[in-house]
Amino acid sequence: MEQLNKEIEALSPEEIQKTLHELRVHQVGLEMQNLELQRVQKELDASRERYFELYDLAPVGYCTISEDGLILETNLTAAILLGVTRNALVRQPLNRFILIEDQEVFCLHRKQLLQIAGLQGCELRMVKNDGTVFWACMEAAVAQTEGRTLLYRIMIFDISERKRTEMELVNANEQFRSLMHNSHGIIYTISPDGVVSYVSPSYIRLLGRDPSAILGMDFRSFIFPDDIAACEAFQREILRTGVVQKGLEYRVFHADGSIRWHLSNFTPCLNDKQEIVSFVGSAMDITEQKRYQVELDAARKTAEESEKVKSEFLALVSHEIRTPLNALVGFSALARKTSDPDILSQYLDIIDHSSHSLMDLVNDILDLSKIEAGQLSLETIPFNLADTVDLIAWQYASLAAQKHLELRVTKNIPQPLWICGDPTRIRQILANLITNAIKFTESGNVTLNVTTTSSILDTCSLTVRLEVRDTGIGIASDKLNVLFQPFRQVDTSISRKFGGTGLGLAIVQSLVKVMNGRIEIASDEGQGSCFVVELPFAECVQPVYKKIPTPIVAPLHILVVEDNAFNRRFLVDTL
């Protein structure tokens, strides 16, 4: 200090003045520097404050983890995520907040950080302090202190919402795949130019082909050719209107070569400019419905035809009934007025013939009704085949003679031949065939040929062949299919000329079927017809009948119970 004072005393006033000036300038400079330092310090404090605000209030959690897994530093967001205060979080092991099942994921993540430089991430489940589990994305990097101590800088993101959305998306995709696999129909997409861009897996189930086989192909390649035009028109209508179109029916080819019917609906897909960029279609297999519809239409048509045929039949039968009824009524009235025995006898013959005709008609209708109702019963009794045939020939010989026809009968059968069966139905079959043959033959002859054939396997079984041939008008080949149908006439004009209801052959065929036989016909129009019936029978021995003397019957008192007065009179007079 003394030295400084001596130096000051040695200075001149001018030098002292100069020195003081320099000191003042230096003082001002220091003051300015001080002010700048204060300003910088304030900015630094503000920056540090902003940094800590950003650090603490960042949307993600930040943690610094020691090498042994302890939390050394954390921001407020991480504390909030884990449900604890920041002070309570420090010095806690991070594993405490990781779900036990996912701690192995965290360990692998730390190993990867040491092996691979840079930021690494993983997804795992973490547990809050209250036990709530949430999904977190953890991204971390390795840092070293000056003492080369390893530190882990970790960012924690809550991705629970994203995970929930992903799970919903996975479930939706799974539901979509399940829907596509198990759909009853086919879902597909087609570009406006007709190229297939997607087909659901159900395609292989419904059409037998792998969906990938048709991707990129034109839809026309698997459409039935006759239906391509309709499909193209359907597509053009969607392009024109831009609205959903429904109800397109078309045929497609199955892998096995069969043809299936499909029903499709089309929905257009639009871009931002409202332009159609593709079509989404859904196709259902309606082959069975179409087949059912065809069968239903056929059944309806058959029913309508049957109704028409029955109406025609009723008109015909009414005519056939009225004819003998008119004769009965008319000649009954005339018989009351005549006293000439010869004329009365003629009237009675006409009445008798008309009565039998009417009875035959009623019996035919009743027989057919029984057959159709399955109520026809067959007898099984022994009878002589030759005698049965001779009886039929005798009954119809006079009918043939009235038309100047020859009724020829040939029998190539063993004598005597006894068989077990229903002789009444045999006679009914032969009666219908011979009656028809005589009715439709104007000249020539009617031939009945009877033969038998023994069974090779069973010597007691044989087949009886009945062949009725005529030289009549014959039947056109295109009419043979309706010949045995009930209520049908081959030609109604012929029926009007020759009479009859057309039930005879229907009854014959039904009887032959019930008796396990078969019937065939060969005919040429204008050349005549030949009906062949083959029936199986069992051969039997001739039954032995004992003669029983007829006892003398004393006069009897008989009670007749009948609600119809005419029938009562008939029974009384007959008895």
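The values are calculated or read from the model by the stated rules, or taken from the named source; none is laboratory data. Computed from a prediction, not measured in an experiment: that's the story for all the values here. Neighbour counts run over all protein chains shown; Cβ positions are idealised from the backbone, glycine included. Ligands, DNA and RNA are excluded from the accessible area calculation, which covers all protein heavy atoms including side chains. Shrake-Rupley method; radii C 1.70, N 1.55, O 1.52, S 1.80 Å.
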Specify which of the listed residues (Gly472, Gly421) is under 18 Å from Ala522 (Cβ atoms), touching a residue at least 24 places away in the same chain (Cβ under 8 Å) and small (Gly, Ala, Ser). Gly472
Hey, can you tell me all the residues within the range 335-347 that are out of contact with any helix residue (DSSP H, G or I) (no Cβ under 7 Å at 6 or more places or on another chain) and part of a helix (DSSP H, G or I)? Arg336, Lys337, Pro341, Asp342, Ile343, Ser345, Gln346
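Yes or no, residue by residue, for (1) without any contact (Cβ under 8 Å) to a residue 40 or more places away in the chain; (2) out of contact with any helix residue (DSSP H, G or I) (no Cβ under 6 Å at 6 or more places or on another chain); (3) among the aliphatic types (A, V, I, L, M); (4) exposed (fewer than 12 other Cβ atoms within 10 Å of the Cβ):
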site	(1), (2), (3), (4)
Gln509	yes, yes, no, no
Ile521	no, yes, yes, no
Gly526	no, yes, no, yes
Cys530	no, yes, no, no
Pro536	no, yes, no, no
Gln542	no, yes, no, yes
Tyr545	yes, yes, no, yes
Leu559	yes, yes, yes, yes
Phe566	yes, yes, no, yes
Filter pass, Arg300 being open to solvent by 60 Å² or more (accessible area, probe 1.4 Å), at pLDDT 85 or above, within 60 Å of the chain's Cα centre (by Cα) and more than 30 Å from Ile204 (Cα to Cα): yes
The one condition in (1) assigned to a helix (DSSP H, G or I); (2) within 28 Å of Glu275 (Cβ to Cβ); (3) open to solvent by less than 70 Å² (accessible area, probe 1.4 Å) that Ser178 fails to fulfil: (2)
Taking the range 59-74 as the region of interest, how many residues are touching a Ser or Thr at 6+ places or on another chain (Cβ under 6 Å) and open to solvent by 10 Å² or more (accessible area, probe 1.4 Å)? 2
Residue check: is Asp352 open to solvent by 60 Å² or more (accessible area, probe 1.4 Å) and under 58 Å from the mean Cα position of the chain (by Cα)? no
Regarding the range 112-127, can at least one residue be identified that is without any contact (Cβ under 8 Å) to a residue 40 or more places away in the chain, charged (D, E, K, R) and buried (at least 16 other Cβ atoms within 10 Å of the Cβ)? yes
So Ala401, is it among the small types (Gly, Ala, Ser), without any contact (Cβ under 8 Å) to a residue 60 or more places away in the chain, out of contact with any helix residue (DSSP H, G or I) (no Cβ under 9 Å at 6 or more places or on another chain) and more than 30 Å from Gln527 (Cα to Cα): no
Taking the range 194-224, which residues are open to solvent by 20 Å² or more (accessible area, probe 1.4 Å) and in a loop (DSSP other than H, G, I, E, B)? Pro201, Gly208, Arg209, Asp210, Leu215, Gly216, Met217, Phe224
One residue is enough: does the range 211-231 have a residue meeting the conditions at positive phi and touching a helix residue (DSSP H, G or I) at 6+ places or on another chain (Cβ under 9 Å)? no
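Please enumerate the residues belonging to the range 86-102 that are of a type in the set (Val, Ile, Thr) and surrounded by 12 or more Cβ atoms within 10 Å (Cβ to Cβ). Spell out the reasoning first.
To start, the set of residues in the range 86-102 that are of a type in the set (Val, Ile, Thr) comprises 90, 98, 100.
The answer is Val90, Ile98.
Does the range 489-506 contain any residue that is part of a helix (DSSP H, G or I) and either open to solvent by 100 Å² or more (accessible area, probe 1.4 Å) or at pLDDT 85 or above (or both)?
So in the range 489-506, the residues part of a helix (DSSP H, G or I) come out as 492-498, 503-506.
Among the residues that remain, those that are also either open to solvent by 100 Å² or more (accessible area, probe 1.4 Å) or at pLDDT 85 or above (or both) are: 496-497.
For the range 489-506, residues part of a helix (DSSP H, G or I) and either open to solvent by 100 Å² or more (accessible area, probe 1.4 Å) or at pLDDT 85 or above (or both): present.
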Considering only residues of the range 317-348 that are open to solvent by less than 60 Å² (accessible area, probe 1.4 Å) and of a type in the set (Ser, Thr, Tyr), which is nearest to Asp360 (Cα to Cα)? Ser318
Every residue in the range 233-264 that is at pLDDT 85 or above, open to solvent by 70 Å² or more (accessible area, probe 1.4 Å) and within 14 Å of Ser282 (Cα to Cα), please. Glu249
With the condition kept exactly as written, say whether any residue in the range 271-292 is open to solvent by less than 70 Å² (accessible area, probe 1.4 Å), in contact with a Phe, Trp or Tyr (Cβ under 9 Å, 6 or more places away or on another chain) and in a helix (DSSP H, G or I). yes
Can you confirm whether the range 358-380 contains a residue that is in contact (Cβ under 8 Å) with a residue 24 or more places away in the chain and in contact with a strand residue (DSSP E or B) (Cβ under 7 Å, 6 or more places away or on another chain)? yes
Here the residues within the range 234-270 that are hydrophobic (A, V, I, L, M, F, W, C), over 19 Å from the mean Cα position of the chain (by Cα) and outside any strand (DSSP E or B) are Phe234, Ile238, Leu239, Val243, Val244
In the set Asp193, Asp158, Asp102, the lone residue that is under 30 Å from Glu237 (Cα atoms) and over 29 Å from the mean Cα position of the chain (by Cα) is Asp193
What is the one condition in (1) part of a loop (DSSP other than H, G, I, E, B); (2) on the phi < 0 side of the Ramachandran plot; (3) not hydrophobic (A, V, I, L, M, F, W, C) that Asn516 does not satisfy? (2)
Leu405 meets each of (1) crowded, with 19+ Cβ neighbours inside 10 Å; (2) touching a Lys or Arg at 6+ places or on another chain (Cβ under 6 Å) with one exception, condition (2)
Return the pair list, or none, for Cβ contacts closer than 9 Å from residues in the range 239-251 that are farther than 19 Å from Ile276 by Cα and of a type outside the set (Lys, Arg) to residues that are open to solvent by 40 Å² or more (accessible area, probe 1.4 Å) and part of a strand (DSSP E or B), at least 6 apart or on different chains. Gly247/Leu263; Gly247/Asn265; Leu248/Leu263; Leu248/Asn265; Glu249/Trp261; Glu249/Leu263; Tyr250/Trp261; Tyr250/Leu263
